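First up is the structure itself, then whatever we jot down about it.
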Amino acid sequence: MSDPGPHKAGGLLKGRLGEAVDGALARASVSVGYDCRLARHDLAGSRAHARMLAKAGLVSGEELAAIESGLDVLARDVDAGRMVWDEALEDVHMNLEKALTDLIGPAGAKLHTARSRNDQVALDERLFLIEASGRVGALLRDLRAALVERASGAGAAPMPGYTHLQRAQPILLAHHLLAYFQMLSRDQQRLADLGPRLAVMPLGSGALAGTGLPILPLEVASELGLSPLAQNSLDAVASRDHLMEFLSFGAILMVHLSRLAEDIVLWCSSEFGFASLPDSLSTTSSMMPQKKNPDGAELMRGKAGRAIGNLVSLLATVKGLPMSYNRDLQEDKEPLFDTVETLELVLPLAAQMVRGLVFDLERLRAAADDPYVAATDLADHLVLKGLPFRQAHAAVGALVARAMARGVPLRDIGAESLREFCPQADPDVLGALDLDSLLAARSSTPGGTAPASVGRQLEEAKRALEIEAAAADLPGKPGA
Ligand code: ARG
């Protein structure tokens, strides 16, 4: 970044003002330090705009050739990280326009014909986000594939299922992993749903009201792969709800990942001991040499806060803005970039952790085989014998209390106590309440934990991934 000098900004734009913006306003105006990330998209938009201007007769063939060759040079400089951004020129748009004019002379000054930075930035952000959504969508799909791989590998291995973080009923490990697959599949769907609302073409809206110059906005749209044209030019420059949707998708996804992270942290604790992470995915303590910490999971959980903050930040920025564009909207970019960056960092980390987790299947099975975990099943047995569920619940509750008082598992409470508390029960029912029977019994709900149901859930998950992968391979369909 070049030195802005004595805090001057807006160097190219004098308009009716007698002097350049300076001091604190100049410093507050500068956005090129972050909006330079839009440079490639700004250049792509400018190229399409220039071609349209030539078709519309607003620039000559020679001028277009000069503009295009200048834009080529700038694109190479941007790609090579050679661009020198000047804070005195405020933002990426003015920097690129000035650089073009320096390169090619007067033709460069025609590029802004029938265009305002207001519709220009709206276009750049859309192009940026379409591309970023493709990358994020592909990373998300890979994480979902990792969950399916692990669920597939887990077979019918049991684990305790929890509510209130208390052991509740046994479930399959695959069932637990596929719950995350479902959560993340809805996130993927949310991202894909946003696609058509992103692909709207704002250029031609000018500062707010459109233009009287004979432009051909459909040409620009089709060159950039956008459709349809914005239906209202004020809305096109003033609205950011497509960004809010993305940030909302990002916040929800990060909240889901933070829950997965919390499970991993718990599983890797000595208290649970259900899983461990390979050393390459763990850290140690600067003081306690024996420590192996799941920092990756903690960071994944911690970074959810940023994603939530980014959504709230944009909502607060846009709230109460009068129609149409207001400079407040410049504040939309950092939250957007930060959420994209966070997702691109965290999604591969999550996939690596899911693939790297080493489960202690014996310990999971032993924990699933909790001495009292069959209580619901015994109550269900009484229901099948005609007892109203509430009475069955009470009877089994009393029986469990007795077993606990005697320090024996429910299945060892003995025929006498069973008869006393649950006279309707088959005398041999306790023997039938072994772990595998409990699991297999939960077959009436398609989403339940019976191995056959989980097997079907797994097949459907695999099929969904295959269908999505085939669709993502189609031309013009980025990963989202
Ligand atoms: N840097 C500005 C932004 O991000 C570009 C639009 C500026 N428009 C204006 N009328 N000052 O919003």
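The values are calculated or read from the model by the stated rules, or taken from the named source; none is laboratory data. Keep in mind it's a predicted model, so treat the numbers as computed, not measured. Don't worry about glycine lacking a Cβ; one is built from the backbone with ideal geometry, like all the others, and counts go over all protein chains shown.
Go through (1) in contact (Cβ under 8 Å) with a residue 60 or more places away in the chain; (2) on the phi > 0 side of the Ramachandran plot and name the single condition GLY320 misses.
Of the numbered conditions (1) in contact (Cβ under 8 Å) with a residue 60 or more places away in the chain; (2) on the phi > 0 side of the Ramachandran plot, the odd one out for GLY320 is (1).
Report yes if ASP328 is among the charged types (D, E, K, R) and away from the ligand (no atom under 16 Å from the Cβ), otherwise no.
When the stated conditions are applied, ASP328 does not pass them.
Taking into account only those residues within the range 149-178 that are among the aliphatic types (A, V, I, L, M) and under 15 Å from GLU459 (Cβ atoms), which is surrounded by the fewest Cβ atoms within 10 Å (Cβ to Cβ)?
Step by step, filter the range 149-178, then rank; the result is ALA156.
Suppose the filter is out of contact with any Pro (no Cβ under 9 Å at 6 or more places or on another chain), farther than 21 Å from VAL454 by Cβ and at pLDDT 95 or above; does ALA199 pass it?
Answer is no for this residue.
State all residues of the range 331-376 that are charged (D, E, K, R), in contact (Cβ under 8 Å) with a residue 60 or more places away in the chain and within 16 Å of the ligand (Cβ to nearest atom); if no residue qualifies, say none.
The answer is ASP332, LYS333, GLU334.
Can you tell me which condition ILE215 does not meet? The list is (1) surrounded by fewer than 18 Cβ atoms within 10 Å (Cβ to Cβ); (2) over 27 Å from LYS333 (Cα atoms), and all the others hold.
Evaluating ILE215 over (1) surrounded by fewer than 18 Cβ atoms within 10 Å (Cβ to Cβ); (2) over 27 Å from LYS333 (Cα atoms) leaves (1) as the failure.
Which one is farthest from the chain's Cα centre (by Cα), of the residues in the range 1-27 that are surrounded by 13 or more Cβ atoms within 10 Å (Cβ to Cβ) and at pLDDT 85 or above?
The extreme case among them is ALA26.
If a residue must be on the phi < 0 side of the Ramachandran plot and either of a type in the set (Gly, Ala, Ser) or in a loop (DSSP other than H, G, I, E, B) (or both), how many such residues does the range 80-129 contain?
Within the range 80-129, residues that are on the phi < 0 side of the Ramachandran plot and either of a type in the set (Gly, Ala, Ser) or in a loop (DSSP other than H, G, I, E, B) (or both) number 17.
For the range 125-136, indicate whether the set of residues that are more than 14 Å from the ligand (Cβ to nearest atom), touching a strand residue (DSSP E or B) at 6+ places or on another chain (Cβ under 6 Å) and β-branched (Val, Ile, Thr) is non-empty.
no
Suppose we filter ASP77, ASP102, ASP72 for residues that are within 30 Å of PRO335 (Cβ to Cβ), away from the ligand (no atom under 14 Å from the Cβ), surrounded by fewer than 21 Cβ atoms within 10 Å (Cβ to Cβ) and without any contact (Cβ under 8 Å) to a residue 24 or more places away in the chain; which single one remains?
ASP77
Grab the helices (runs of 4 or more DSSP H) fully contained in the range 366-428, keeping just those with 1 or more residues being in contact with a Phe, Trp or Tyr (Cβ under 9 Å, 6 or more places away or on another chain).
Where helices (runs of 4 or more DSSP H) fall fully within the range 366-428 and carry at least 1 residues being in contact with a Phe, Trp or Tyr (Cβ under 9 Å, 6 or more places away or on another chain), they are 375-384, 389-406.
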